[in-house]
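Below you'll find the structure, written out as structure tokens, and then a few comments.
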Amino acid sequence: MILLTGGAGYIGLHTAAVLIEAGQQVVLFDNFSNSKPLAVKRLEAIVGRAVPCVEGDVRSRADMDGLFDQHPVNAVIHFAGLKAVGESANQPLRYYDNNVAGTLVLLAAMQRAEVRRFVFSSSACVYGEPDVSPIPESAALRPANTYGRTKLMVEEILRDLHVAAPGWSIALLRYFNPVGAHPGGQIGEDPNGIPNNLMPFVTQVAVGRLPELQVFGGDYPTPDGSGVRDYIHVMDLAEGHRAALDWALRDPQEVLTANLGTGRGYSVLELVRAFEKASGKPIPHRIVARRAGDVPAYWGDPSLARQRLGWTARRTLDDICRDAWNWQRRNPQGFA
Ligand code: NAD
Ligand code: UFG
């Protein structure tokens, strides 16, 4: 059985759907700080069966030990964490507590339960502003914000753990920009409050929840002046987790660090145009000042994941926009 911490969240739900369809047994574990129990019901409707979900906190040793005592877990995918870059600057202790201390408690409980296969949600944030794109895994690691530093610290903790306990198999997955939704439209991204990220902002403009998109910066050294990112369909990302889990279950007893991205970048304005085409909805937008802390352009080199995990992102920007729109159109208020 595979434990998905943070399994009721955006990426966890989509990964659970892919793993269950592939025949895996999963147990979700979540404190619902950034997700809703209804989302798990939607997952159950997609896969046509009950999905065990335990409410608890990764920072609680009692919760974690209880989970491993009650479920025959043989591998963990660790999604649970806080992910808002801006918030991380204002609440550093909360971010280090959730993301770093929470991971330490989980790892100690895994050691006690003798579970040694671990897939970790890292982030392209660990690179900060790169020297070149596409970014290889060997690029310098200089995260530009607190959130990115929490991810890098956990990567380093896991590398140290592996030196001391070489029997562990650990995949560090550095995600680029996850977007889109399950093609059925029952689950998708449902941020609390006003979205920080581009795609949920765009979809909420499309359904009329927000009046217009602000494009942060029109004078970057990019083809159209707006920022460029590597947008990866969340179903491709979910399949990347399935590949990483299959790798870990073969007990390679090493630490594998892999980018999960598409290998190409799109600008904000390209994404807006693709979304308008997919949805048939105009997205009113206005170019405003750059957002503090934003990097002009970057995208990942996914060749290592292809070689080592046999995984490549297959879905296009048009697929991403179609599925993001399908989710938001059917659920204008998200899971509310
Ligand atoms: P999400 O917020 O939708 O999911 C995270 C889940 O973890 C939520 O359901 C939340 O309730 C839960 N959680 C948080 N703290 C917890 C705790 N202490 N104990 C138990 N549960 C807890 O976010 P997501 O987009 O699905 O991201 C999943 C992981 O991927 C996170 O670790 C995030 O940092 C990482 N990541 C996300 C992105 C992105 O842009 N979405 C990019 C790179 C990396
Ligand atoms: N953008 C806008 N307007 C908005 C929101 C975003 O123009 O309202 C622009 C940004 O300036 C940037 C692009 O859209 O050029 C993407 O911005 P996001 O906020 O969607 O994503 P980021 O690239 O800033 O960061 C995201 C996640 C991080 C993750 C990182 C990995 O928020 O958690 O991708 O690449 F680590």
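Nothing in this text is a laboratory measurement; each read-out follows from the coordinates by a stated rule. What you see is a predicted model, and the numbers here were worked out from it, not measured in a lab. Note that we place each Cβ from the backbone using ideal geometry, even for glycine, and neighbour counts take in every protein chain shown.
Quick one: net charge of Val268's neighbours, Cβ under 14 Å, K/R +1, D/E -1? Combined, the nearby Lys, Arg, Asp and Glu give -2.
Indicate, rounded to the nearest 5 percent, the antiparallel portion of the DSSP beta bridges found entirely in the range 2-330.
Values: 2 of 38 bridges.
Of all bridge pairs located within the range 2-330, approximately 5 percent are antiparallel.
Taking 0.36 nm per residue of separation and subtracting the Cα-Cα distance, full extension of the segment from Gln214 to Ile157 would add 16.7 nm. For Val47 and Arg306, a Förster radius of 41 Å and the Cβ-Cβ distance give a FRET efficiency of 0.90, rounded to the nearest 0.05. A cut-off under 15 angstrom between Cβ atoms defines the neighbours of Leu161, and their net charge, with Lys, Arg +1 and Asp, Glu -1, is -1.
Secondary-structure-derived ellipticity at 222 nm for the chain, considering helices only, amounts to -12000 deg cm²/dmol, per-run term -39500 (n - 2.57) for DSSP H runs with n ≥ 4.
Taken over the chain, the convex hull of the Cα atoms encloses 120 Å³ per residue.
Spatially, the range 172-218 and the range 45-77 are offset by 28 Å when compared through their Cα centroids. Placing R0 at 25 angstrom, the Cβ-Cβ distance between Leu104 and Gln70 gives a FRET efficiency of 0.70 after rounding to 0.05. Around the Cα centre of the range 2-330, unit charges on the Cβ atoms of Lys, Arg, Asp and Glu (plus for the first two, minus for the last two) sum to a dipole of about 500 debye. The length gained by stretching the chain between Asn90 and Asp246 to full extension, at 0.36 nm per residue less their Cα-Cα distance, is 52.4 nm.
Computed from the Cβ-Cβ distance with R0 of 35 Å, the FRET efficiency linking Arg329 to Met1 stands at 0.50.
Given a cut-off of under 8 Å on Cα pairs at least six residues apart, what relative contact order in percent is computed for the chain? Please report the intermediate quantities before stating the final value.
Numbers: 684 pairs, mean separation 66.0, N = 336.
It rounds to 20 percent for the chain.
Of the residues Asn196, Asn98, Asn326, the one that moves most in a GNM of the chain with alpha-carbon contacts below 10 Å is Asn196.
Which length gain, in nm to one decimal place, applies between Ala140 and Arg112 when the Cα-Cα distance is subtracted from 0.36 nm times their residue separation? Intermediate results must be reported in sequence, preceding the final value.
Details: separation 28, 0.36 × 28 = 10.08 nm, distance 3.43 nm.
Length gained between Ala140 and Arg112: 6.7 nm.
Among the trypsin sites (Lys or Arg not before Pro) within the range 1-54, those in coil by DSSP and having at most 16 neighbouring Cβ atoms inside 10 Å are Arg49.
Going by neighbour counts of Cβ atoms within 10 Å, the residues Glu254, Glu114 line up, fewest first, as Glu114, Glu254.
Shown here for the range 204-263: trypsin sites (Lys or Arg not before Pro) in loop regions (DSSP other than H, G, I, E, B) with at most 13 other Cβ atoms within 10 Å, namely Arg250.
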